[in-house]
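The values are calculated or read from the model by the stated rules, or taken from the named source; none is laboratory data. The shown structure was predicted, so the numbers you read here are calculated from the model rather than taken from an experiment. Every residue, glycine among them, receives a Cβ derived from its backbone with ideal geometry; neighbour counts consider all protein chains shown.
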Amino acid sequence: MDDSESRPLPLDAWHKGRGARMVPFAGYAMPIQYEGIIAEHKWTRESAGLFDVSHMGQLIVAGAEAEKGLESVLPADLAILKDGRLRYSLLLADDAGIIDDLMATRRGDHFYVVVNGATKEGDIAYLQERLPRGVVLDHMKEQALLALQGPKAVEALSRLVPGVEALGFMTGGAFQLAGTAAWISRSGYTGEDGFEISVPGARVADVAELLASQPEVKPIGLGARDSLRLEAGLPLYGHDLDTTTTPVEADLTFAISKRRRGEGGFAGWHRIARELEEGPLRRRVGLSVEGRQPVREGAMVVDGEGNEVGKVTSGGFSPILEAPIAMAYVPTASAEPGSSITLAQRGKLFQAKVVPMPFVAHRYHRKGAA
């Protein structure tokens, strides 16, 4: 697929005007880089990067049984979710396979749910099939979504939106930005402090221009977004997560709340309960790879006889650590930190060690934290 076969996002002309190299991603033409992936990666870690994530699906789930309906397919405890609070969760199939990972926010009388761009149509169809009658699902196609990430994101955004600095990590609220209504949450997928900003697509160019005019802010492409989330140890759907992986295998058990573990009542619960009790056969782990050459998605994890026993699902060179890192699924017996792992890529063997994730420490803004 080339750019001509990809749908343009509302900021298409804005990206091109700033020299972005566009590539097809999730059915859209998206900017992969502006001045270079490593430079953009480091700028985000040091200052503030502006990402266009308008390809993602923004949904409203409303109705008297919205909470109950969502709890039938998500392992989250939505009953205790306070107004304006976000929760990372997983859309699950009956066999506990992960259909998607998402963010769910309680906003007054409804839930605001953000799903991945490549899976949103399937997610919507699945939810429409599973949610109780009377629950309304609205795909907010006219909304755009931006992410402002980095240690100086709060400095830049609070200059334009006084009061936004009061938000804590995983909380959101309604604000005005560039003369338009904006839903802003203190969240993101880089491991840095930052915000996600939902605005009408018709006004997003004005918003992006205003944000990018701040001295701390530069536009950042998909390439650095991927290397940032890898350093942060965050899985990417379609690569590290899919319908053949369960939350326990993926090391995402934190997304299964205590009440739901005990009560169940959500898709895939029986398999998840068994894996929580007995342990899964494999686990997602972080790998520090020896040498300088990165291993990429698809490289094999092999045993002493050269038999494939696992797979690398994300890999690359860390600009901050200046070393190759990867995520892989390995047998549970080899998943403890310090375990030695052999990888095979294009006929060449690489040595790696299991290390804790994140590779680069998260710097989220948690209220009350030192």
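The strands (runs of 3 or more DSSP E) located wholly in the stretch 106-203 that include 2 or more residues which are out of contact with any Asp or Glu (no Cβ under 8 Å at 6 or more places or on another chain), modelled with pLDDT of 95 or more and small (G, A, S) occupy 172-177, 180-185, 194-200.
Among the residues of the stretch 49-79, just one is out of contact with any strand residue (DSSP E or B) (no Cβ under 9 Å at 6 or more places or on another chain) and either under 30 Å from E216 (Cβ atoms) or surrounded by 18 or more Cβ atoms within 10 Å (Cβ to Cβ) (or both), namely E71.
When L252, L211, L228, L281 are checked against the criterion of being under 23 Å from the mean Cα position of the chain (by Cα) and closer than 29 Å to K348 by Cβ, a single residue qualifies: L228.
Kindly list the number of the only condition in (1) in a loop (DSSP other than H, G, I, E, B); (2) in contact with a helix residue (DSSP H, G or I) (Cβ under 8 Å, 6 or more places away or on another chain); (3) under 29 Å from L321 (Cβ atoms) that fails for A250. With respect to (1) in a loop (DSSP other than H, G, I, E, B); (2) in contact with a helix residue (DSSP H, G or I) (Cβ under 8 Å, 6 or more places away or on another chain); (3) under 29 Å from L321 (Cβ atoms), A250 is out only on (2).
Within the stretch 332-370, the set of residues being more than 17 Å from V302 (Cβ to Cβ), touching a residue at least 40 places away in the same chain (Cβ under 8 Å) and among the aliphatic types (A, V, I, L, M) comprises V355, M357, V360, A361. Under the condition of being more than 27 Å from the chain's Cα centre (by Cα) and not hydrophobic (A, V, I, L, M, F, W, C), which residue from the stretch 340-356 is surrounded by the fewest Cβ atoms within 10 Å (Cβ to Cβ)? Step by step, filter the stretch 340-356, then rank; the result is G347.
For the stretch 256-275, state whether one or more residues are closer than 10 Å to A96 by Cα and loosely packed, with under 14 Cβ neighbours inside 10 Å. Yes - at least one qualifying residue is present in the stretch 256-275. For beta carbons closer than 9 Å, sequence separation of 6+ or different chains, a first residue in the stretch 11-25 that is farther than 18 Å from M56 by Cα and a second that is assigned to a loop (DSSP other than H, G, I, E, B), the qualifying pairs are W14/A20; R18/Y34; G19/Y34; G19/E35; A20/Y34; A20/G221; R21/Y34; R21/G221.
Select from the stretch 1-48 the residues that are surrounded by fewer than 18 Cβ atoms within 10 Å (Cβ to Cβ), assigned to a helix (DSSP H, G or I) and in contact with a strand residue (DSSP E or B) (Cβ under 6 Å, 6 or more places away or on another chain) and list them in ascending order. Hit for the stretch 1-48 is D3, nothing else. Pairing each residue of the stretch 110-137 that is surrounded by fewer than 19 Cβ atoms within 10 Å (Cβ to Cβ) with any residue that is part of a helix (DSSP H, G or I) and charged (D, E, K, R), provided the two are 6+ apart or on different chains, yields C-beta distances under 8 Å for P132/K68. Number of residues in the stretch 102-124 that are under 16 Å from E196 (Cβ atoms) and among the small types (G, A, S) equals 2.
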